[in-house]
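The values are calculated or read from the model by the stated rules, or taken from the named source; none is laboratory data. Quick caveat: nothing in here was measured; it's all calculated off a predicted structure. Positions of Cβ are backbone-derived with ideal geometry, glycine not excepted, and every protein chain shown enters the neighbour counts.
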Amino acid sequence: MTQVGQPTARALLRRLAVEQAECRVPSLTAAIVRDGRLAWFGARGRIDGPAGPQAPTAATQYRLGSITKSMVAVVVMRLRDEGELTLNDPLERHLPGTRLGHLTIAHLLSHTAGVTAEPPTPWWERTPGVPAADLLDRLGPGELKHRPGRRFHYSNVGFAVLGELVGRLRGTTWLKALRAEVLDPLGMNDTTPRPRPPHATGYAVHPWADVVLTEPEHDADAMGPAGQLWSTPADLARWAAFLGGDTGGVLCPDTLAEMREPAGVDDGDTWTSGFGLGLQLARARGRRLAGHTGSMPGFLATVWAEPGDGAGVLFMANTTSGMSGTLLYDLLDILDEHEPRLPDEWRPAAADPDLLALTGVWHWGPKPYALRLLPERGLSLEPVGGAGRASRFVPQDDGTWLGLDGYYAGETLRVAPDHLDLNTFVFTREPYDPAAPVPGGVTGWHA
């Protein structure tokens, strides 16, 4: 199962062993994915088994907690891609009768709807759930804590509502839709709503003594989309590969990239933690990661993917609290130190002569920009020297170019023989070329 070298595997296992021992975790598993494949798996501690305590394996189930949300979000995005909804739709359009009907689907996906974090029920993670109709009836004005769009405010309730939305639009339950549209196609057959053997028992570890307390487990019912699922390290590794771009036809890669775009920031000015559309985001040690954390009584789990590097990392543990918070970042650092990824070989590629003629320096007023030809007929417009607005563009059927990112994302670039028109900004071969239609007039340079 190990694809990394033995010295790397040993260093990774040692870091895992330190976490399990120093944080007093009953059992702990971790895995690294590279290029869509499981590259390393490690485990420490013991779980209860038919023949007594045994080491966990890649087939041992743990609770996913809120990682469930990211999977539900994929079904919502599939509905969007199919034209069944738009992200700007108010909830009322698809789920009439709730007192949250004015909130948009995008706000709910990104935790910017202002909805309360927890449902108006007893502590939902530790008590049996209520039906969706009951939960929706309980949601009133008191559950709206902030103006929609004002700020990031994590909401388990919001994803319970999104799960009911999925069920209504698919004519089934959120769980059956998720199974048919995401889990089965990805081969995640060991991801289930309730535990199956072999699975870890959830424990709370006493803060001042080396004893444990068994934590409860139940059907969360309406709150299930917020954190119901159980899974295995092997299945979660497949999910890490999915988040990294190996979507297996389940989701358009462009849609997955859209889910990874920051929509809300969780930690103010520092911006190390945020949220996209159903995905948590992190910036750590020079990396930009997408995935989700998970926490339920007796369990912690996290999965991250670094799409630009093709790497994914995860852990699953049966403890209520106590992890260091740096385990996965450390594992990625060890991998980079011992087996750094080699860059792809450069190879020449065919170029359209007309596009090749466009490349080179263009000027926005006096400022020089470089227009480069990208693979697959794309263009890149970047300021010479690096500081300023930069965007990539892709061709459209009408001969124009559409901005993909940066300041000009979604804007239109039009190419003329002597200038570029980028959403009314005119770029010329020479600074303020008098032969080009520069708005405002060009009188010539002078001392």
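Suppose we keep only residues that are of a type in the set (Ser, Thr, Tyr) and without any contact (Cβ under 8 Å) to a residue 24 or more places away in the chain within the stretch 415-447. Which one would you say is nearest to Glu258 (Cα to Cα)? Applying the filter and picking the extreme gives Thr424. Considering the stretch 265-292, and only residues there that are small (Gly, Ala, Ser) and surrounded by fewer than 19 Cβ atoms within 10 Å (Cβ to Cβ), the residue that is farthest from Gly312 (Cα to Cα) turns out to be Gly268.
How many of the residues making up the stretch 82-116 are of a type in the set (D, E, K, R) and either free of Cβ contacts under 8 Å to residues at least 12 places away in the same chain or touching a strand residue (DSSP E or B) at 6+ places or on another chain (Cβ under 6 Å) (or both)?
3
Please state which one of Pro195, Pro122 is assigned to a loop (DSSP other than H, G, I, E, B) and at pLDDT below 95.
The unique qualifying residue is Pro122.
Quick check on the stretch 344-351. Is at least one of its residues within 28 Å of the chain's Cα centre (by Cα) and either farther than 26 Å from Gly310 by Cα or exposed (fewer than 14 other Cβ atoms within 10 Å of the Cβ) (or both)? Yes: one or more hits. Across the stretch 214-225, the qualifying residues are those that are in a loop (DSSP other than H, G, I, E, B) and in contact with a helix residue (DSSP H, G or I) (Cβ under 7 Å, 6 or more places away or on another chain), and the one among them that is surrounded by the most Cβ atoms within 10 Å (Cβ to Cβ) is Ala220. The residue list Ala106, Ala51, Ala73 contains one member that is assigned by TED's automatic domain parsing to the domain that holds Ala237 and over 18 Å from the mean Cα position of the chain (by Cα), which is Ala51. Quick check on Arg24: is it surrounded by fewer than 22 Cβ atoms within 10 Å (Cβ to Cβ) and touching a residue at least 24 places away in the same chain (Cβ under 8 Å)? It is true that Arg24 is surrounded by fewer than 22 Cβ atoms within 10 Å (Cβ to Cβ) and touching a residue at least 24 places away in the same chain (Cβ under 8 Å).
Go through Pro417, Pro439, Pro383 for me and flag whichever is at pLDDT 95 or above and at negative phi. Every option except Pro383 fails the conditions. Taking the listed residues Val442, Val394, the one that is in contact with a helix residue (DSSP H, G or I) (Cβ under 9 Å, 6 or more places away or on another chain) and not acidic (Asp, Glu) is Val394, with no other qualifying. If you go through the stretch 162-188 and keep only what is within 21 Å of the chain's Cα centre (by Cα) and charged (D, E, K, R), you end up with Arg179, Glu181, Asp184. Within the stretch 29-64, the residues that satisfy the criterion of being touching a Phe, Trp or Tyr at 6+ places or on another chain (Cβ under 6 Å) and either assigned to a loop (DSSP other than H, G, I, E, B) or of a type in the set (Phe, Trp, Tyr) (or both) are Ala58, Tyr62.
Only a single criterion out of (1) surrounded by 15 or more Cβ atoms within 10 Å (Cβ to Cβ); (2) assigned to a loop (DSSP other than H, G, I, E, B); (3) touching a residue at least 40 places away in the same chain (Cβ under 8 Å) is not satisfied by Arg389, namely (3). Could you go through the stretch 392-407 and let me know if any residue there is closer than 16 Å to Lys367 by Cβ, buried (at least 16 other Cβ atoms within 10 Å of the Cβ) and among the hydroxyl-bearing types (Ser, Thr, Tyr). The answer is no, given that none of the residues of the stretch 392-407 is closer than 16 Å to Lys367 by Cβ, buried (at least 16 other Cβ atoms within 10 Å of the Cβ) and among the hydroxyl-bearing types (Ser, Thr, Tyr).
Going by the conditions given, is Thr412 among the polar types (S, T, N, Q) and either modelled with pLDDT under 95 or within 27 Å of Glu258 (Cα to Cα) (or both)? In short, yes.
Is it the case, given these coordinates, that Leu16 is more than 30 Å from Arg151 (Cα to Cα) and either outside any helix (DSSP H, G or I) or not hydroxyl-bearing (Ser, Thr, Tyr) (or both)? In short, yes.
Let's see how each residue does on (1) among the polar types (S, T, N, Q); (2) assigned to a loop (DSSP other than H, G, I, E, B):
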site: Asn88; (1), (2): yes, yes
site: Glu92; (1), (2): no, no
site: Leu95; (1), (2): no, yes
site: Glu118; (1), (2): no, yes
site: Ala133; (1), (2): no, no
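If I filter the stretch 253-263 for residues that are in a strand (DSSP E or B), in the same structural domain as Pro53 (by TED's automatic domain parsing) and closer than 22 Å to Tyr154 by Cβ, do I get at least one hit? Looking through the stretch 253-263, none of the residues is in a strand (DSSP E or B), in the same structural domain as Pro53 (by TED's automatic domain parsing) and closer than 22 Å to Tyr154 by Cβ.
Yes or no, residue by residue, for (1) surrounded by fewer than 19 Cβ atoms within 10 Å (Cβ to Cβ); (2) at pLDDT below 95; (3) within 15 Å of Met296 (Cβ to Cβ); (4) of a type in the set (Ser, Thr, Tyr):
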| position | (1), (2), (3), (4) |
| --- | --- |
| Ser155 | no, no, no, yes |
| Ala160 | no, no, yes, no |
| Thr172 | yes, no, no, yes |
| Glu181 | no, no, no, no |
| Met188 | no, no, no, no |
| Gly202 | no, no, yes, no |
| Pro207 | yes, no, no, no |
| Val212 | yes, no, no, no |
| Gly227 | no, no, yes, no |
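The condition of being closer than 26 Å to Glu258 by Cβ, modelled with pLDDT of 95 or more and crowded, with 21+ Cβ neighbours inside 10 Å holds for only one of Leu87, Leu100, Leu64, that being Leu64. Hey, does the stretch 245-252 have a residue that's under 21 Å from Leu327 (Cα atoms) and free of Cβ contacts under 8 Å to residues at least 60 places away in the same chain? Scanning the stretch 245-252, I find no residue that is under 21 Å from Leu327 (Cα atoms) and free of Cβ contacts under 8 Å to residues at least 60 places away in the same chain, so the answer is no.
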